[in-house]
Structure formats: structure tokens, C-alpha cells
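Engineer: Quick one: this structure, given as C-alpha cells, is what I'll be asking you about.
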Amino acid sequence: MGSPPTDRLLAALDADDEADALAALERCRDADVDARKATLRALRERAEDRPDALAPLFPDLTAFLTDDDRAVRLTAAKLFASLAAADPGCVRPVVPALAERLADHAEFRYVRARSAEAIGRVAVAYPTDAATPDVVADLLLGLDDTDDADVAARLALAAECVARGDPSRLRHHAERLAGHLDGRADLVRYHLCTALVAIGTAHPDALADVRDALVAALADDVPWVRARAAEALGLLPRAAVDADIDGGSSDALDAALADDPPVAARARFALGDADAGDADDVGTVAGLDRTTADAVAAITEPDGECPNCGLALPEAGPPMCPRCGAPY
């Protein structure tokens, strides 16, 4: 059961009483750490159904991002990430506050990762507001610096979202993204391959220097990583560059024709089958938007190993990896 300030806050939101909701939120900010976390968790649950109902609270909610307690800051960042997933527009005004958390290298890494996730969700719909040069720089620095699988996955997701929102934002960073395709967790490789596809839809020439990495990714353990690699290779022939576009990829793509359906469809596209692209929006940002949620669900479906760090998971216990803490 929530604390009294939380109960009052939720009741005020139910009654659309903005003044009382703001007053209750102020009381929650003055409560102890456990009560502050309880309030934010309750609002996160509310956000799943009615993210717009929290809009009057946003200016005051940003204060929790700089709370003295890092667990409160993390819970606030998770709230904004959930809100951004449900309604990117409602988090649009909060991007500057989230960007400050991302840019603060003294901040707890999970707060930065969740802030990046929230910004990325907004960037899909509002790239001008969310995908600023500073944000892009901080995302790339974060990817370079972290060894934490969960943090890297959220930063890679944000990079993918930035690329889907405006492929030009990362067109000059394709090599840097491709540099993380080897030895990273499944979701990291997937999100970054998808970002490369998004870049290639508008700037196929940007993929010329990462062709070898994409060909190598055709042998990845994860079908959807192989699929995105094939999709990106299918965009290379559009590049106006003097380069060996094939680069030895034809044999690997021919073999991929017998692979899982998403891989085979994109291999056909890469080999010049126009019908393969038309059927599934392959090679377009719209196609990425339509398929990425299902791809992530397939990658993260429990199969006995943690999708982030590869640890063999126990048959019984909470749905959280005991090594890296990622949910499954």
C-alpha cells in the first residue's frame, strides 16, 4: 500500500485536480527515500495506461532526477523512460533535464543509461529536440566507455532510435557504431546493426567503410542481427562510391537464403530481389519501425541464457539475471 502522500497524489490525478496533485507531489518530495521511490514507482505504473495524465507534474518531476539519493534518481529516470515509450511527445519538454543526467560522468551509470533510453524514445519522433550534437556525442562516449551489458544495450537502443528518427544524425559515425559489433551483448549488436540500416536508408555511402563488419555479422549467433546485417548490405549498391560493394558478401548472402525467414527475406533483398523489399518494407525506416519491437522480443525471449551477458539462468528464481541484473 502506498504512503499517504502517494495515495493523495494518485487520488488527485484520478480526479483531474492539478493543484492538489502538485501539492501532493511536493509532499512526496519532502518524504523519506522509501516514500519518494514508492511515489515514482506508482506514477510509472500509472504512466503505462495514461501517460498524458502526468503531464501537469512534469516540471516538478524533473527535480527527482537530481535527488540526493541515487536510487530515487534511477527510479525517476525509469519513469521517464516508460513515459517516453508510451508517449514520446509528453517527455519532449524534459529532454534537457535528461540530457544533463546523460552528460554527467559522475552520475550512476544506470541513471545515465535510463536517461539515454528516454531521450532515444523521444528522438524517434522529435529528432531536432532530442538528438542534439551533444546528446549524440554523449551516447557514443557512453558506448565506448562502458563494459556493462545492460548499460550498453540502452545506449545502443538510444543510438538506434536517433538513427531511425533522423538518419543524418549518425551518418558520420557508422564506423564507430560498427566497432561495437564484435564481442558485445546480443541486444547491443542488434540495436547497432539496426542503426546502421537506418543510416543506410538515407546515406548508403556511409556504409561503404563498414562493409566488412556487416559481412562478418552475417555469421552472428542471433538471427535478427544477421537479418539487419543483410539488410544493410542490401543498401550498399545505392552508394555513389568507387568501391567493391560485393566485397565477398555474395557467398554469405547466398547461404543466408536458407536461414530463418527474416534473414532469408533480407538476403533476397541484398541480392537484388526487388519483391523482397516491397513485401516487407525492407530497407526502409518504416520497415524498421514496424519490425524492431518484435525483433527485440524474439532476442530477449528466455532460452536458458541471459540475453545480455550469456549467463546460464537458473530454472527457478526471480526473472532477473544474477550476474548483470538484467530482466528476462
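Engineer: Go over the candidates Thr132, Thr66, Thr128 one by one and state the one that is of a type in the set (Val, Ile, Thr), over 30 Å from Arg8 (Cα atoms) and surrounded by fewer than 17 Cβ atoms within 10 Å (Cβ to Cβ).
Structural biologist: Of Thr132, Thr66, Thr128, the one residue that is of a type in the set (Val, Ile, Thr), over 30 Å from Arg8 (Cα atoms) and surrounded by fewer than 17 Cβ atoms within 10 Å (Cβ to Cβ) is Thr128.
Engineer: If you go through the stretch 41-57, how many residues are touching a helix residue (DSSP H, G or I) at 6+ places or on another chain (Cβ under 8 Å), at pLDDT 85 or above and either under 16 Å from Pro93 (Cα atoms) or acidic (Asp, Glu) (or both)?
Structural biologist: Looking only at that region, the number is 2.
Engineer: Regarding Asp209, is this residue in a helix (DSSP H, G or I) and acidic (Asp, Glu)?
Structural biologist: Here the answer is yes, as Asp209 does meet what is asked.
Engineer: Of all the residues that make up the stretch 144-190, how many are part of a helix (DSSP H, G or I) and over 20 Å from Ile299 (Cα atoms)?
Structural biologist: 15
Engineer: Of all residues being modelled with pLDDT of 70 or more and of a type in the set (S, T, N, Q) in the stretch 268-324, which is farthest from Ala239 (Cα to Cα)? Just the residue, please.
Structural biologist: Thr300
Engineer: Further question on the same structure: Collect the residues in the stretch 1-31 that are more than 16 Å from Asp67 (Cβ to Cβ), of a type in the set (Asp, Glu) and either out of contact with any helix residue (DSSP H, G or I) (no Cβ under 7 Å at 6 or more places or on another chain) or not in a helix (DSSP H, G or I) (or both), keeping them in residue-number order.
Structural biologist: Residues satisfying the conditions are Asp7, Asp14, Asp16, Asp17.
Engineer: Scan the stretch 93-114 for residues that are modelled with pLDDT of 95 or more and under 15 Å from Leu140 (Cβ atoms) and report the count.
Structural biologist: Number satisfying all stated conditions: 5.
The values are calculated or read from the model by the stated rules, or taken from the named source; none is laboratory data. Because the structure is a prediction, the values reported are computed rather than measured. In this analysis, Cβ positions are derived from the backbone assuming ideal geometry, glycine residues included, and neighbour counts consider all displayed protein chains.
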